Structures are given as structure tokens and as C-alpha cells.
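Written out below as C-alpha cells is the structure these notes cover.
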Amino acid sequence: MCDYRLIKYDRPLKKTERVLLVNREIFNKIFDEKYLKVLVSQNRNGLSKSYYYYILDFYKSIGIIEDNALTASIIIPFIAENDKIVLDKALLGVTKNGLVLIDLNSNKYECETCPVKAECKYGVKNVASQLRIKPKGRTLNEIWNNLISQLTKKVINKVVMVKV
């Protein structure tokens, strides 16, 4: 079971490839409707000027937006549990074709009765090709799970230093 969304944007895309790890609360905040409006569009869309720039500064501070353009990046949420960090089974991929969100912890869709199955296949192919990963699995849920696991291993193996 999962939640899948493909969201078109009209911001320019900067070719900076990076993987960002963010707290789960920040990851969830990105998908608040007001925050999402600022992420996908350069127009204020009915938001006050100060609130629009407050949200824009939030995105700049976590590295999703640079020079008023989206960065081509993958965002993975983590959960801090006592003295360890657990990477969650979800991701946001900023690709040239749109924002791809997959959250395997959600109960919104089931693969057998999923109304966005074709869109989901497109999303997994898009994200996998951007990351140069070949995920395996029988169902889309298994494929996404495998893709996130492979990405997590790839990221963990490259972590050298974390700025505080």
C-alpha cells in the first residue's frame, strides 16, 4: 500500500543532482497545499507576499530551490528514534518530467485496485533512470521498495561528513 503523486511544475530545473535527507515532519510539510503551490510555481497563487517568501526561504534552506529554480534532487525522509536515524520508505524525486512522490507507509492505494497504476509505472521508470538504478520486484510496491532500498544503500555508502 502506498501514496503516489506525479505533480507538474512550471519552475525552471537546475541540473544539480543531490540526495537530501530531511526529517519526516519536514517531508510531510512539503506536501501541505500552500507549500506545494510555492514549490511548483513561481506565481504567488493567492498567498500573501510575506507568506510566499517565507515558504520560498524554507525550500531554499533545505536545498530544494536554488536561484528560484528546482534542483534535480531526491528527497528521502528519516525518523530519529532514540540514538539512531531510520530512513523512511518514501521519496520525492524532482525530475525533468515532474515531481514524483511515493510514500510506502500510506494506506491510500493498493496495487490491485490502484487508479494511478500507469502513472506509477511511469514514475518508477523515470526516477530509476535518473538514479541509474535497476529495481526488481513483481508488484509496483515491491519495485518502489527495492528502488528506495538501493538508493538508501547508495547514499549511506557515500556519507562522509554531515555539517551541523
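The values are calculated or read from the model by the stated rules, or taken from the named source; none is laboratory data. Because the structure is predicted, anything quoted here is derived from the model rather than measured. Quick reminder, even Gly has a Cβ in these numbers, built from the backbone with ideal geometry, and neighbours come from all protein chains shown. With ligands, DNA and RNA removed, areas are computed over all heavy atoms of the protein, side chains included. Shrake-Rupley method; radii C 1.70, N 1.55, O 1.52, S 1.80 Å.
When the range 4-22 is filtered for residues that are within 12 Å of the chain's Cα centre (by Cα) and either β-branched (V, I, T) or surrounded by 15 or more Cβ atoms within 10 Å (Cβ to Cβ) (or both), the ones remaining, listed by number, are Y4, R5, L6, I7, V19, L20, L21, V22.
Cβ separations smaller than 6 Å between residues 6+ apart or across chains give the following pairs from the range 113-140 residues that are of a type in the set (G, A, S) to residues that are crowded, with 18+ Cβ neighbours inside 10 Å: G123/L6; G123/V100; A128/P135; A128/L147; G137/I143. It is to be established whether one or more residues within the range 3-11 are more than 24 Å from Y122 (Cα to Cα) and of a type in the set (D, E, K, R). No, every residue in the range 3-11 fails to be more than 24 Å from Y122 (Cα to Cα) and of a type in the set (D, E, K, R). Among the residues making up the range 1-44, those that are part of a helix (DSSP H, G or I) and either in contact (Cβ under 8 Å) with a residue 60 or more places away in the chain or closer than 27 Å to N145 by Cα (or both) are R24, E25, I26, F27, N28, K29, I30, E33, Y35, L36, L39, V40. For the range 139-158, enumerate the residues that are β-branched (V, I, T), under 17 Å from C120 (Cβ atoms) and assigned to a helix (DSSP H, G or I). Hits for the range 139-158 are I143, I148. If you filter the range 45-77 down to residues that are assigned to a helix (DSSP H, G or I) and in contact with a helix residue (DSSP H, G or I) (Cβ under 7 Å, 6 or more places away or on another chain), you find that the one that is most open to solvent (accessible area, probe 1.4 Å) is I62.
Among the candidates I148, I143, which residue alone is without any contact (Cβ under 8 Å) to a residue 24 or more places away in the chain and either surrounded by 17 or more Cβ atoms within 10 Å (Cβ to Cβ) or within 18 Å of V22 (Cα to Cα) (or both)? Going through I148, I143 in turn, the sole match is I143.
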